[in-house]
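The structure's right below; bear with me while I get my questions together.
The values are calculated or read from the model by the stated rules, or taken from the named source; none is laboratory data. These numbers were taken from a predicted model, which means no experiment stands behind them. No Cβ is skipped: glycine too gets one built from the backbone with ideal geometry, and neighbour counts run over all protein chains shown.
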Amino acid sequence: MDKASELKKLEQEIAADGTLPLREANLVFGEGNPGSEVVFIGEAPGFNEDQQRRPFVGRAGQLLRQCIRDIKWKEADVYITNIVKRRPPENRDPSPEEINAYKPYLTRQLKIINPKIIVALGKAENSCCAWKILNELFFAGSENKPRPRENFPF
């Protein structure tokens, strides 16, 4: 099975999982090139993302997509997703329980895509959660685990 088919199957599995929180919101699975070497991971969908069922289409998404274009990449050449696949009420931050519920699906999504570069976006605590997932996924049992950087000198 090719990556696009595997991702579609995973999306359908998430949609059918009645144990997941936030089921009253739309599923925002992710989009982009399943064979991308770069994946951007946000916290959770916001209002606009929930309405359009697409990740990063609100103000933050417009900025991200402009940055992608500014470095001469095409949006279609990267993959964009979130840790939590449904919008929390009132656009609040996802709870640890919500993150943990969706975490196995993000892990599987990343295993399918198998990118070389993963960019964790959002607030520090959720970016750290993404780093924990990445450490577990790619460096389990390794003594040479990467550490997230606090600040980037741009």
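Collect the residues in segment 95-117 that are touching a strand residue (DSSP E or B) at 6+ places or on another chain (Cβ under 9 Å) and in a loop (DSSP other than H, G, I, E, B), keeping them in residue-number order. Spell out how you get there, then give the answer.
As a first pass, look at segment 95-117 and keep what is touching a strand residue (DSSP E or B) at 6+ places or on another chain (Cβ under 9 Å): 102, 106, 109-110, 113, 115-117.
Pro115, Lys116, listed by residue number.
Exactly one of (1) among the hydroxyl-bearing types (Ser, Thr, Tyr); (2) in contact with a helix residue (DSSP H, G or I) (Cβ under 6 Å, 6 or more places away or on another chain); (3) over 20 Å from Ser5 (Cβ atoms) is unmet by Thr107. Its number?
(3)
Take the residues of segment 69-82 that are free of Cβ contacts under 8 Å to residues at least 12 places away in the same chain and in a helix (DSSP H, G or I): which is nearest to Ile113 (Cα to Cα)?
Arg69
Within the set of pairs 6 or more residues apart or between chains, which connect a residue that is under 10 Å from Lys85 (Cα atoms) inside segment 36-61 to a residue that is of a type in the set (Lys, Arg) and buried (at least 20 other Cβ atoms within 10 Å of the Cβ) with Cβ atoms less than 6 Å apart?
As it stands, the answer is Pro45/Arg87; Asp50/Arg87, since those pairs meet every condition given.
Right, next: Would you pick out the residues in segment 1-32 that are surrounded by 15 or more Cβ atoms within 10 Å (Cβ to Cβ) and more than 18 Å from Lys103 (Cα to Cα)?
The answer is Lys3, Gly32.
If we scan segment 35-45, do we find a residue that is among the acidic types (Asp, Glu) and assigned to a loop (DSSP other than H, G, I, E, B)?
First, pick out the residues of segment 35-45 that are among the acidic types (Asp, Glu): 37, 43.
Within this subset, residues satisfying the condition of being assigned to a loop (DSSP other than H, G, I, E, B) are 37, 43.
Checked against the condition, which is being among the acidic types (Asp, Glu) and assigned to a loop (DSSP other than H, G, I, E, B), segment 35-45 yields at least one hit.
Also: Exactly one of (1) exposed (fewer than 14 other Cβ atoms within 10 Å of the Cβ); (2) at pLDDT 70 or above is unmet by Glu136. Its number?
(2) is the only condition that Glu136 fails.
Return the residues of segment 46-56 that are surrounded by fewer than 21 Cβ atoms within 10 Å (Cβ to Cβ) and not in a helix (DSSP H, G or I); say none if nothing qualifies.
Passing the criteria: Arg53, Arg54.
Looking at Arg23 and the list (1) under 15 Å from the mean Cα position of the chain (by Cα); (2) assigned to a loop (DSSP other than H, G, I, E, B); (3) in contact (Cβ under 8 Å) with a residue 12 or more places away in the chain, which single condition is not satisfied?
(1)
Take the residues in segment 8-20 that are farther than 13 Å from Leu106 by Cα and in a helix (DSSP H, G or I), then tell me which one is farthest from the chain's Cα centre (by Cα).
Ala16
Looking at (1) on the phi > 0 side of the Ramachandran plot; (2) touching a Pro at 6+ places or on another chain (Cβ under 6 Å), which is the only condition Arg87 fails?
With (1) on the phi > 0 side of the Ramachandran plot; (2) touching a Pro at 6+ places or on another chain (Cβ under 6 Å) applied to Arg87, the lone miss is (1).
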